[in-house]
Amino acid sequence: MEAASRAGRIIGVLIIIQMIGSGMVNFVMEGPLSAAPGFLVNASSHSRQIALAVLLGLVTEALWVGIAVTAFPVFWQRSRRMALWLVALAVVSLAVGVVENIGVMSMVSLSEAYAKASAVEREQLQTVRVIVASARDWPHFISRIFVGGAIFVFYGVLYRFKLIPRALAGFGLIAAVLMVTAVAMPLFGHDVVFPLLAPMGLSQLILAVWLIVKGFRSQPGLGVEPSDS
């Protein structure tokens, strides 16, 4: 029981770190990539900042794996299948996140070439701008979908086995569905629906505080499925 509570508190801390790191990367450190007049002009003059963002981004992606691994012993006792799904989705999201960050560094390289190029060469580099940007953007959206799937499984276990209050877990499940819906919109030719991401931020913050204070609920024998494989 103490081990489950300790695991919950560790996960709460990891969620807080992940939220801070993700916010820093997406809204601050990688800001020059999306700010006017565009990454072709901006990225080369912010190359060190963006390189640090890539490293921090990889760490924040890896934290999902850390969360899955920390939760694994607790979840395995209750549902082996869902414990494995959580780890698998977290690992896949990290792998796709690596591809995304390779794309970010490709944007920096193209920007550096653009800064040194002549007017004619710049016209040629403009033609590949969309391709290089897309090589970063599409893995980003796919990675967020896998993260949303991992979060859905995570909250699903919490809800099914009452490891936290079911109202909170249920809210997290809804927030995960909204998150996946929001980031999947570009796959169908639409923009990301950012307001749909707000419930996930709120849910994760509340969950993190709850876990740090309370940890996972320990209820021996309740909802445990030792035969689940």
(message) Which count do you get for residues in the range 92-124 that are free of Cβ contacts under 8 Å to residues at least 40 places away in the same chain, under 30 Å from Y159 (Cβ atoms) and in contact with a helix residue (DSSP H, G or I) (Cβ under 6 Å, 6 or more places away or on another chain)?
(response) 1
(message) Looking at the structure I just gave you, is S45 modelled with pLDDT under 95 and exposed (fewer than 15 other Cβ atoms within 10 Å of the Cβ)?
(response) no
(request) State the number of residues belonging to the range 153-198 that are free of Cβ contacts under 8 Å to residues at least 60 places away in the same chain and assigned to a helix (DSSP H, G or I). (result) 31
(request) Mind counting the residues in the range 79-107 that are buried (at least 18 other Cβ atoms within 10 Å of the Cβ) and either at pLDDT below 95 or of a type in the set (S, T, N, Q) (or both)? (result) 3
(request) Considering every residue within the range 58-73, establish whether at least one is in contact with a helix residue (DSSP H, G or I) (Cβ under 8 Å, 6 or more places away or on another chain), modelled with pLDDT under 95, open to solvent by 30 Å² or more (accessible area, probe 1.4 Å) and of a type in the set (A, V, I, L, M). (result) no
(message) Looking at (1) open to solvent by 50 Å² or more (accessible area, probe 1.4 Å); (2) modelled with pLDDT of 95 or more, which one does V224 not meet, given that it meets all the others?
(response) (2)
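The values are calculated or read from the model by the stated rules, or taken from the named source; none is laboratory data. On a predicted model such as this, the values are computed, not experimentally measured, just so you know. Heads up, the Cβs are rebuilt from the backbone with ideal geometry, glycines too, and the neighbour counts pull from every protein chain shown. Only protein heavy atoms, including side chains, enter the accessible area calculation; ligands, DNA and RNA are left aside. Shrake-Rupley method; radii C 1.70, N 1.55, O 1.52, S 1.80 Å.
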